[in-house]
Amino acid sequence: MANMNQPVPSIEETSITTVLADDLHIAGTVISKSSLMIKCSLDGEIVSEGLLIVSPTAKVKAKVTTKNLISHGEIQGDVTASEQVVLKKTAVQTGNITTPSIMVESGSVMNGSCVMRK
């Protein structure tokens with residue numbers, strides 16, 4: 001279940017190490033050792049060792065492995081997060097989620113299973 005004790009902080013784009021602009025289309029694997037914001041369309045795989053933010057304009061078709069995910073956009077593919085997944089009200093998740101902590105806002109869409117492992 002969601003951990004209601006830890007509110008998700010507001011993230012400023014200027015505090016993100018890498019931002020993939022909305023005019024890009026990426027096909028392949030994206031690997032990030034720090035924070036990453038995706039605004040573009042991406043087909044392939046995402047491996048992030050830090051915070052991954054999927055913006056409302058993003059269309060992601062990928063296997064996602066990250067530490068923390070905050071999604072405002074569309075993800076088609078399985079997500080594995082070692083700490084937390086947050087689906088904001090504009091998020092559309094099609095695929096399975098594996099994470100120890102998940103927060104799902106009213107209005108978001110999640111089609112898949114969720115496995116919570118510590």
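What to note about this one:
Each row is one residue, and each column tells you yes or no for (1) modelled with pLDDT of 95 or more; (2) under 10 Å from the mean Cα position of the chain (by Cα); (3) among the basic types (Lys, Arg).
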{"position": "ILE11", "(1), (2), (3)": "no, no, no"}
{"position": "VAL47", "(1), (2), (3)": "yes, no, no"}
{"position": "ALA62", "(1), (2), (3)": "yes, no, no"}
{"position": "HIS72", "(1), (2), (3)": "yes, yes, no"}
{"position": "ASP78", "(1), (2), (3)": "yes, no, no"}
{"position": "GLY95", "(1), (2), (3)": "yes, no, no"}
{"position": "GLY107", "(1), (2), (3)": "yes, no, no"}
{"position": "CYS114", "(1), (2), (3)": "yes, no, no"}
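- Residues in the range 90-118 that are touching a Lys or Arg at 6+ places or on another chain (Cβ under 8 Å) and within 16 Å of GLY73 (Cα to Cα) were compared, and the one that is surrounded by the most Cβ atoms within 10 Å (Cβ to Cβ) is SER108.
- Residue in the range 106-115 that is closer than 22 Å to ILE16 by Cβ and not in a strand (DSSP E or B) present: yes
- Of all residues in the range 38-57 being among the hydrophobic types (A, V, I, L, M, F, W, C) and surrounded by fewer than 21 Cβ atoms within 10 Å (Cβ to Cβ), the one that is farthest from VAL109 (Cα to Cα): VAL47
- Some residue of the range 61-78 being among the aliphatic types (A, V, I, L, M) and not in a strand (DSSP E or B): no
The values are calculated or read from the model by the stated rules, or taken from the named source; none is laboratory data. Since this is a predicted model, take the numbers as computed values, not measurements. FYI the Cβ positions are ideal-geometry reconstructions off the backbone, even for glycines, and counts take in every protein chain you see.
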